[in-house]
């Protein structure tokens, strides 16, 4: 039997950095742009992000530790946009992590361009090759198995419009491996970029 390290999260991990989000990785980045009821713009990345349903298409991001501006805007306006983070946008995305006060524009802080969406009021990131316009379905206050409140809030939203740069559609199929997508890889600083060399294919069994 392979030697292993065991811990119970409620009792602490005893390691230099919590391995949980490094093990669940790499993970897509929820680069969320939103607009406050006061008209202010917000842009922030969330590493707890994924897709949850095909029909209708539903995505979600989770904010942890303390409520953040994206959560406030999602609750108040019931909409946001998601923007693809690519390798050439990684440094700008990282700048949008800055703990700016509510109302201060992360687009301007990171040198990015807000562009109007088609259906929602929240802007998209003009430099990003893929964006989703989303309308909020639910905001869930997360709880532990014993019912105690967790330091986390899950925002689920339906994708109501999709924008894809034409060069990423090859014969009508989205070209994931040439999109330059960047993912969060856990640890305090780690990210991962995937490209064509990372690809392998498998056919699902039919029986």
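Inspection of segment 113-136 finds no residue satisfying the criterion of being under 19 Å from the mean Cα position of the chain (by Cα), over 17 Å from residue 85 (Cβ atoms) and without any contact (Cβ under 8 Å) to a residue 24 or more places away in the chain.
Scanning segment 176-207 for residues that are within 19 Å of the chain's Cα centre (by Cα), surrounded by 10 or more Cβ atoms within 10 Å (Cβ to Cβ) and assigned to a loop (DSSP other than H, G, I, E, B) yields 179, 180, 185, 186, 187, 190, 194. Total residues in segment 20-41 satisfying the condition of being modelled with pLDDT of 95 or more, in a loop (DSSP other than H, G, I, E, B) and under 14 Å from the mean Cα position of the chain (by Cα): the figure is 1.
Among residues of segment 28-39 that are more than 30 Å from residue 193 (Cβ to Cβ), those with a beta-carbon under 7 Å from a residue that is at pLDDT 95 or above and buried (at least 21 other Cβ atoms within 10 Å of the Cβ) at least six positions away or on a different chain give the pairs 36/42; 36/73. Among the numbered conditions (1) more than 22 Å from residue 57 (Cα to Cα); (2) surrounded by 13 or more Cβ atoms within 10 Å (Cβ to Cβ), the only one that residue 163 does not meet is (1).
Residue 151 meets the conditions (1) without any contact (Cβ under 8 Å) to a residue 60 or more places away in the chain; (2) farther than 22 Å from residue 39 by Cα in every case but one. The failed one is (1).
For residue 172, state whether it is out of contact with any strand residue (DSSP E or B) (no Cβ under 6 Å at 6 or more places or on another chain) and closer than 19 Å to residue 46 by Cβ.
no
Looking only at segment 61-73, filter to residues that are buried (at least 21 other Cβ atoms within 10 Å of the Cβ) and under 14 Å from the mean Cα position of the chain (by Cα); which one of those is nearest to residue 28 (Cα to Cα)? Checking each candidate, the answer is 61.
Residues of segment 114-163 that are assigned to a loop (DSSP other than H, G, I, E, B) and in contact with a helix residue (DSSP H, G or I) (Cβ under 8 Å, 6 or more places away or on another chain): 121, 122, 123, 127, 128, 129.
Yes or no: segment 8-16 includes at least one residue that is in a loop (DSSP other than H, G, I, E, B) and in contact (Cβ under 8 Å) with a residue 40 or more places away in the chain. Walk me through it before giving the result.
Within segment 8-16, the first condition is being in a loop (DSSP other than H, G, I, E, B), and the residues that meet it are 8, 12-16.
When the remaining residues are screened for being in contact (Cβ under 8 Å) with a residue 40 or more places away in the chain, the result is none.
No.
Could you tell me whether segment 154-166 includes any residue that is farther than 21 Å from residue 43 by Cβ and free of Cβ contacts under 8 Å to residues at least 12 places away in the same chain? Show your work before the answer.
Filtering segment 154-166 down to residues farther than 21 Å from residue 43 by Cβ leaves 166.
Of the ones still in play, those that are also free of Cβ contacts under 8 Å to residues at least 12 places away in the same chain are 166.
Scanning segment 154-166, I find at least one residue that is farther than 21 Å from residue 43 by Cβ and free of Cβ contacts under 8 Å to residues at least 12 places away in the same chain, so the answer is yes.
Quick check on segment 45-64. Is at least one of its residues assigned to a helix (DSSP H, G or I), under 24 Å from residue 93 (Cα atoms) and at pLDDT 95 or above? Looking through segment 45-64, none of the residues is assigned to a helix (DSSP H, G or I), under 24 Å from residue 93 (Cα atoms) and at pLDDT 95 or above.
Would you call residue 92 touching a helix residue (DSSP H, G or I) at 6+ places or on another chain (Cβ under 7 Å), assigned to a loop (DSSP other than H, G, I, E, B) and more than 22 Å from residue 143 (Cβ to Cβ)?
In short, no.
Residue selection: residue 99 satisfies the criterion of being within 18 Å of the chain's Cα centre (by Cα), in a loop (DSSP other than H, G, I, E, B), without any contact (Cβ under 8 Å) to a residue 24 or more places away in the chain and within 21 Å of residue 37 (Cα to Cα).
The values are calculated or read from the model by the stated rules, or taken from the named source; none is laboratory data. Note that the coordinates shown come from a computational prediction; the quantities given were computed from them, not determined experimentally. Because the Cβ atoms are built from the backbone with ideal geometry, glycine has one as well, and the counts that use them run over all protein chains shown.
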